[in-house]
Structures are given as structure tokens and as C-alpha cells.
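Worksheet: one structure, shown below.
The values are calculated or read from the model by the stated rules, or taken from the named source; none is laboratory data. Quick caveat, the model's predicted, so the values are computed rather than measured. Here the Cβ is made from the backbone with ideal geometry for all residues, glycine too, and neighbour counts use every protein chain on show. Heavy atoms of the whole protein, side chains included, go into the accessibility calculation; ligands, DNA and RNA do not. Shrake-Rupley method; radii C 1.70, N 1.55, O 1.52, S 1.80 Å.
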Amino acid sequence: MDFSLSAEQSQIREMVAEFVDEEIVPVAGEIDETDEFPHDLIDEMAELGLMGMPFDEEYGGAGLDYHSYAAALAEISRGSGGLGTVVAAHTSLAGGMLDSFASSEQKERFLTPLNDGTDIGAFALSEAGAGSDVPAMETTAVRDGDEYVIDGEKLWISNGSVADTVVLFAKTDPDAGRKGISAFVVRPDEDDGFHVEGTEHKLGDKGCPTAELRFADLRVPADRRLGDEGDGFVQALKTLNAGRITIAARGVGIAQAALDEAVAYANEREQFGQPIGDFQAVGHKLADMDTKVEAARLLMHYAADRKIRGKRFVKEAAQAKLYASEVSREVANEAIQIHGGYGYTKDFPVERFYRDAKLNEIYEGTSEILRNTIADEVR
């Protein structure tokens, strides 16, 4: 079983890595400081075909396989964790829902502008009282002729305040539990009743706005429903399962960035007449960090491989996301330790990597939920 990238896949990763080093890394600190959505970078990425990487060229996508997509997203996240989330939420979640469950007409209308970067996508599932417990959502969609009337609120929605297309989940049958949830395409600029209540002031993940959304008598045409009534819960689970591979990629990218900074600092910083990397204690830290990063990368590609082959990958995606998430935090923590006092300041980027890494353990399936998922698959 060969998980080495092909020549074409390597070329794509190297192209993205070059873009990241030239365009993202120099402004990553500024993005973190201002927490402003990087419109200019998104436009540049769209020109490179990075906003619809895994989707068919028929709908404006780049037609890349999931190995290439994951490797590219890891590179983007190496430059900026926030930008990694922007792309993952836009592509894996909003785009993934449309790619898997939209009709050809819906794809032409909504997926194509996401793939070419004209539009930004968001995935509105979570609520204040419905995070891991999705069926506890209270947002409702009531059929009224050829429309649905949607009322409710969503919380923690990545890209929510800047999105042109939002895949929104609501209960069409409040008494049916998970079988009463349906998905709709909402256009914030076109649909009256869509309100952005504000964005969160977060520990990290800066540059990706995390919004609170409110819907008041929001009328959506019935032809914007994805699939049949009641399909939404299963659609969301399948989409999140694939999305976990890309959050693993985000973890790999952040961990790689932290490792690179730690190695560079260990080779430059001298104490007691020699580089601190020459001390066994520091060398062992670097060895463990590198081993964990490579193991996380292999889990990411293993899950991607099963997806590409059409095999069940629920356990593998959960394992990749769980391990890469925890590794990103652990490696960033060790990078701070190697930097000593400097690592606790904003003079070096390792403190940003630590703040960005923590989110991996929370969104798109907490580490606790993922352990439950893996246990269920093992039993």
C-alpha cells in the first residue's frame, strides 16, 4: 500500500506550498492581529483553483482527488489556521453538501460559483443547545405552498457573516427527531429574514469569521431543499465524515508549521556555548514531534485513500481527525517550550499555532464524540 504522492499530486502540493510561503506566511501574523476576512487572498486562491479543489470540472471545480485536496489544505493551514478553516468550511462542508446531494440544476446554480470563488459558502448546523446533539436543534422550516418559512438561530457558523451561499439545516417535522431534519440552500443577500447577529471573539482561528445567525420569517423556495424532507441528518453526517479528513489536514499543517519553527529556533538559539538543538532533551522533543506529524499525515492519507476507493471510512476519518487534532496541540505546545520565554510572546508565531490548534479538538466532532464513534466502529 503506497501512500507516497504521485508526481502530479506532488506538483499540486508544491504549487500550493509556494503560494503559501510567498503570499500567506508573510501576512499570517497580520490576519491574526486584525481578525479580518482575507478577501484578497481568497481571490488569489480562486484564480489558482483552490476554492473547489475536489469537485467536478463540469461545475467549475478543479477535479482533484482527495489526496491532493488534503495535502493542499494542509499547506494552506501551515500558513494560516484561520484560512484553512475558511477553505474547509467553504469546500468540504458547503460545497460537499451540494456536490453530494444537490440536483444538477442546483449544482449549476449554487456549486459552480462556490468552486470558482465567486461565492463563499457556509454550513449552518450548530445551535446554542444543539452542538454534538444535532437532533436537539430548534430551528424550524414550515411548508407554505411553494416555499418554506424558516425561523430560528444558528451559532458557531464558520464564514457565516461573509457567506453568499449557506447550507442551512432545520426541522421540517419537529416530532420526528433526526428523521425530521431537512437541508436548504439560503442566499443571505437575496432572502429577507436572514440576520447576522454578530461574530465571536475567539482564542484563535482568526481571519475566519464565526457567526451567530438568526432567521425570522425567512422564506425559501421549495426548490432550494436538498434531497427529500427528512434527509438532512444523514446528509450532515456524511458531509461531516468527509470533512473530518480536511480537519485532519488542518491539524497536520499547523503541526508542521510548529515543528518547522521549533527546528529553526533550536538550531539558532545558543545556550551554554552550543545550539539548544544539540542537547538531548531538545533533540528528543523534536524527534517525537516529527514522528507524530508523520503519523498524523499517514492517517489523513489512509482515510482519504478509503474515500477515493469507495470504501467505508467512518472510523478512519474519525481516527485521522482525532489524532491530528491532538498532535497539532501537542506539537505546538512543545514548540513553545523549545522557544522558552520567547514562545509565550507574539514575537514568534508558535503561540499562534497553539491557539489555532486547539480548535481542531472541538469543531466538526469533538475529540470525545470521535472516540465514541471509533469505539462504535470497533465493537
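The table below gives the values:
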| quantity | calculated |
| --- | --- |
| Test: residue in the stretch 133-148 that is modelled with pLDDT of 95 or more and under 19 Å from the mean Cα position of the chain (by Cα) | yes |
| Residue within the stretch 74-91 that is outside the structural domain of K321 (by the TED database), in contact with a Leu (Cβ under 8 Å, 6 or more places away or on another chain) and farther than 18 Å from N159 by Cα present | no |
| Complete set of residues in the stretch 213-238 that are in contact with a Phe, Trp or Tyr (Cβ under 6 Å, 6 or more places away or on another chain) and open to solvent by 40 Å² or more (accessible area, probe 1.4 Å) | R225 |
| Where S4 falls short, out of the listed (1) open to solvent by less than 40 Å² (accessible area, probe 1.4 Å); (2) among the hydroxyl-bearing types (S, T, Y); (3) not in a helix (DSSP H, G or I) | (1) |
| Inter-residue pairs, beta-carbon under 7 Å, first assigned to a helix (DSSP H, G or I) and in the stretch 364-379, second open to solvent by less than 60 Å² (accessible area, probe 1.4 Å) and β-branched (V, I, T), 6+ apart | T373/V314; E377/V314 |
| Restricting the stretch 126-142 to residues that are farther than 15 Å from A176 by Cβ and of a type in the set (D, E, K, R), the residue that is surrounded by the fewest Cβ atoms within 10 Å (Cβ to Cβ) | D133 |
| Residue that is nearest to V350 (Cα to Cα), among those in the stretch 297-328 that are open to solvent by 60 Å² or more (accessible area, probe 1.4 Å) and either touching a Lys or Arg at 6+ places or on another chain (Cβ under 6 Å) or aliphatic (A, V, I, L, M) (or both) | L298 |
| First in the stretch 288-317 and closer than 17 Å to I374 by Cβ, second anywhere and surrounded by fewer than 24 Cβ atoms within 10 Å (Cβ to Cβ) and of a type in the set (G, A, S), Cβ under 8 Å, 6 or more apart | K307/A242; A317/A242 |
| Residues of the stretch 108-120 satisfying the condition of being open to solvent by less than 40 Å² (accessible area, probe 1.4 Å) and either in contact with a Phe, Trp or Tyr (Cβ under 8 Å, 6 or more places away or on another chain) or under 15 Å from E190 (Cβ atoms) (or both) | F110, L111, T112, P113, N115, D119, I120 |
| Residue match in the stretch 272-280 (condition: part of a strand (DSSP E or B) and either touching a Lys or Arg at 6+ places or on another chain (Cβ under 9 Å) or not assigned by the TED database to the domain that holds S132 (or both)) | yes |
| Odd one out for A266, checked against (1) within 30 Å of N372 (Cβ to Cβ); (2) surrounded by 14 or more Cβ atoms within 10 Å (Cβ to Cβ); (3) in contact (Cβ under 8 Å) with a residue 60 or more places away in the chain; (4) not basic (K, R) | (1) |
| In the stretch 169-213, the residues that are aliphatic (A, V, I, L, M) and in a loop (DSSP other than H, G, I, E, B) | A176, L203 |
| Conditions (1) of a type in the set (F, W, Y); (2) open to solvent by less than 10 Å² (accessible area, probe 1.4 Å); (3) within 21 Å of F233 (Cβ to Cβ); number of the one not met by F101 | (2) |
| Residue within the stretch 275-285 that is open to solvent by 50 Å² or more (accessible area, probe 1.4 Å), of a type in the set (S, T, N, Q), free of Cβ contacts under 8 Å to residues at least 40 places away in the same chain and closer than 19 Å to A357 by Cα present | no |
| Unmet requirement for G340, which otherwise passes all of (1) out of contact with any helix residue (DSSP H, G or I) (no Cβ under 8 Å at 6 or more places or on another chain); (2) assigned to a helix (DSSP H, G or I); (3) open to solvent by 60 Å² or more (accessible area, probe 1.4 Å) | (3) |
